[in-house]
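Report on the structure given below.
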Number of protein chains: 2
Amino acid sequence: MDRPGTWQAVRAEALRRMRAGDWPPGGRIPDEAELAAEFGCARATVNRALRDLAEAGLLERRRKGGTRVPVTPIRKATFEIAIIRQDVEGRGQRHGYRLLEDALGPPPPEVLAALDWPEGAGMRHLTALHLADDRPFCLEHRWLDATVAPAEVSFDTISANEWLVRNIPYSGGNIAFLARPADGPAARALDCAPGDALLAVERTTFRDGAAITFVRLTYAPGHRVDATL
Amino acid sequence: MDRPGTWQAVRAEALRRMRAGDWPPGGRIPDEAELAAEFGCARATVNRALRDLAEAGLLERRRKGGTRVPVTPIRKATFEIAIIRQDVEGRGQRHGYRLLEDALGPPPPEVLAALDWPEGAGMRHLTALHLADDRPFCLEHRWLDATVAPAEVSFDTISANEWLVRNIPYSGGNIAFLARPADGPAARALDCAPGDALLAVERTTFRDGAAITFVRLTYAPGHRVDATL
DNA sequence: TCGAAAAATAAGTATAGACATAATGCGCCA
DNA sequence: TGGCGCATTATGTCTATACTTATTTTTCGA
C-alpha cells in the first residue's frame, strides 16, 4: 500500500494488527520507541501514525499510561459544511435565492436560550429560501445580532449565509441535527404538506465568546446529510 | 494563550491574522520558511500549525502552489459515534434493550441498493429497541450478512450494535442523517404518533470492500445529534 | 509559436536528538 | 495503614537537516 517507513505504512500496519486481533481491545500496545525499533523508523514517525489513529478514535493515548486499544471505540465522523450555494452547485444544480422576510423583532424563547442573550437585545430576523434548479432546497431562518449586520446591509441578493462567511469568517460555534414537522409557512415555502418530516440543522455562531447569530436550516423532504467515517 | 514557539501559538496567530484581515480570503500567505523565520521557530512547527488549519478547512495548501485562504471555506465538523449504550449512559441515564424481531428475509429494495448485494443473498433482519431510563430512545433496524453473524449468535441480551463493535471492529463505512415520518411500528415502539418527524441515522459498514451490514437508527421525537465545529 | 523538457519552488515527510509534561506508582514517613 | 512527594515513564513537542514530491514556471528546440 504505502512504502515502508512512512507514517501511513505504520498506521496501516497498526490497523491490521487491531483487526487481526494481535492488539486486542482493552490491551496496551508497545510504546513508540519499541515500535520505532521494530519498524526501523524514527519515533516521530510512529508518533504521527498513532496520533492519527487516536484522532479517529481508534486508539487511546495517555502520557505515561501508554497507548491502548479501546474496548468500545468512539469513532469520529466528519462532514463538510459549505455555504448553501456551494452545496447546491456541488450537486450540479443551479442555485437560486429568495429573501422572504427581513424584520426586527423578539425571537422565540428557544432561540433566546440558544443565544444566551439579554431579553431586549436588538435582533434582526431573516427568512430566506434557497432553490436548487428552481425547486425549494432549504429554508433559512436566521436571528442576527443587529450590530453585526446593520440595516444598511441588504440580504436581497446575497444570502446571510454567504454574507456572514465572507464578512465574519473563521468563527466558532456548535451544530445540531434534528427532525421537525413542517409548520404552515415551511410547508408553503418548501412545497410539501404540513407535518411532513424535515431534516433541520441548527447552528449557533460565536465570536469573542458572544453569540452572534443563530440559524435553522430546514431542508426539503428527502434531504440527506452525508458524513464520512 | 499558548506559550510562544508552540504549534498551537502559531495556529492561533494565523487564525488571528485571518480574522483581522491581514490574510484576506483568496490571498496567499507567506510560505513556511518565511513564517518560521518570523516566528523564530522551526519550519516543522509552522507546518504542523498550518496543516491543522488545512484539515479544519480553514486553509488550502498545495505543493509548490503555497498556502492560501479560501474565499468560501468548507468547514469540517466532527461528531462522535459511540455505541448506543454508551450514548445513553453518557447522558446519565440507564440503558435498556429489547429485541423485537430476529428473522431471515429479503430486505426492501432501498436497503439492497445501499448494500449493493446480489438479490438472493442470505440476510438476517433485526429490530431492536433501545431505552433510556425505561423510555424509548432509539429504534434499531438492521440488515446483516448472515455469514458475519451466524444464527448461533443471539442478540437477545446484547445489541447487534454492541456485538459488531466488539467482534467486527475498526471497519469503514458511510453515514447519513435524514428525517422520516414515524410509520406504524415505529410509532408504537417509540411511543409517538404515526407521522411524527423522527431523526434517523443510516449507516453502511464495509469490510474488505464488501458491505457487511446496513443499519437505520430512528430516534425518539426531539432527539438531537450534536457536532463540534 | 507551440510544446516538451528542465529548473525552480513550496509543501510533505523522515530522522536524530533533546527537552517538556502528565500520569503512574513506588517508597518514605507519620 | 494511610497519605504525601519524588522518581519513573510514555507520550507530546521542538529543532535542524535532509530528502521527496507535486506543481508551476522557465527555457529551449522543432
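The values are calculated or read from the model by the stated rules, or taken from the named source; none is laboratory data. All values reported here derive from a predicted model rather than from experimental measurement. Neighbour counts run over all protein chains shown; Cβ positions are idealised from the backbone, glycine included. In case anyone asks, the SASA skips ligands and DNA or RNA and just uses the protein heavy atoms, side chains included. Shrake-Rupley method; radii C 1.70, N 1.55, O 1.52, S 1.80 Å.
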| request: Might you tell me the accessible area per residue for the protein assembly as shown, computed with a 1.4 Å probe and given in Å²? | output: 49 Å²
| For the stretch B:139-186, what does the alpha-carbon gyration tensor say about shape, rounded, prolate or oblate, given a ≥ b ≥ c as the root eigenvalues, a/c under 1.5 as rounded, and a/b over b/c as prolate? | oblate
| note | The simple spin-label model distance between A:A193 and A:D156, using points 7 Å out along Cα→Cβ, in nm, is 3.9 nm
| query | Quick one: label points 7 angstrom along Cα→Cβ at A:P194, distances to the other copies in nm, smallest first? | reply | 2.0
| message | With the cut-off at 1.5 for a/c, could you classify the stretch A:7-68 from its C-alpha gyration tensor as rounded, prolate or oblate? | response | rounded
| query | Can you give the average number of partner chain beta-carbon atoms within 10 Å of each beta-carbon in peptide B:179-188, as a whole number? | reply | 3
| Percent carbon-and-sulfur accessible area, chain A, ignoring ligands, DNA and RNA, probe 1.4 Å | 49 percent
| query | For q = 0.09, 0.19, 0.20 Å⁻¹, what log10 I(q)/I(0) does the stretch A:1-116 give under the Debye formula with an equal point scatterer on each alpha carbon and no solvent? | reply | -0.49, -0.99, -1.07
| field | Angle between chain A longest axis and helix A:7-20 axis [Cα atoms, degrees, rounded to 10] | value | 80 degrees
| said: Relative contact order of chain B, please, whole-number percent, based on alpha carbon pairs below 8 angstrom and at least 6 residues apart. | reply: 15 percent
| task | Run down the lysines and flag those whose C-alpha is under 29 Å from the C-alpha of B:K64, throwing out any fewer than 8 positions away in its chain. | result | B:K76
| request: Would you calculate, for chain B, the mean residue ellipticity at 222 nm contributed by helices, counting each DSSP H stretch of 4 or more residues as -39,500 (n - 2.57) and dividing by all residues, to the nearest 500? | output: -8000 deg cm²/dmol
| Number of partner chain Cβ atoms within 10 Å, mean per residue of B:160-173 | 3
| What is the Rg over Rh value, at two decimals, for the protein assembly as shown, using alpha-carbon atoms and the Kirkwood definition of Rh? | 0.98
| For label points placed 7 Å from Cα toward Cβ, what is the shortest-first list of nm distances from A:N174 to its copies? | 3.0
| field | Base-10 log of normalised Debye intensity for the stretch B:84-219 (one unit scatterer per alpha-carbon) at q = 0.12 Å⁻¹ | value | -0.46
| query | Residue by residue through the stretch A:102-109, which ³J(HN,Hα) values in whole Hz follow from phi under the Karplus form 6.51 cos²θ - 1.76 cosθ + 1.60 (θ = phi - 60°), with glycine and proline marked x? | reply | 8, 8, 9, x, x, x, x, x
| note | Residues meeting the amide H criterion for A:G27 (H placed from the backbone, H to H distance under 5 Å, 5 or more places apart or on another chain) are A:V69
| request: Using the 7 Å Cα-to-Cβ label point, sort the distances from B:N47 to its equivalents in the other copies shortest first and give them in nm to one decimal. | output: 1.3
| remark: Interface A-B: total buried accessible area (1.4 Å probe, Å², nearest 100) of 4500 Å²
| request: Determine ³J(HN,Hα), in whole Hz, for all residues of the stretch A:130-143 in sequence, where each value follows from phi through the Karplus function 6.51 cos²θ - 1.76 cosθ + 1.60 and θ = phi - 60°; x replaces Gly and Pro. | output: 9, 10, 10, 6, 6, 9, x, 10, 6, 9, 9, 10, 10, 10
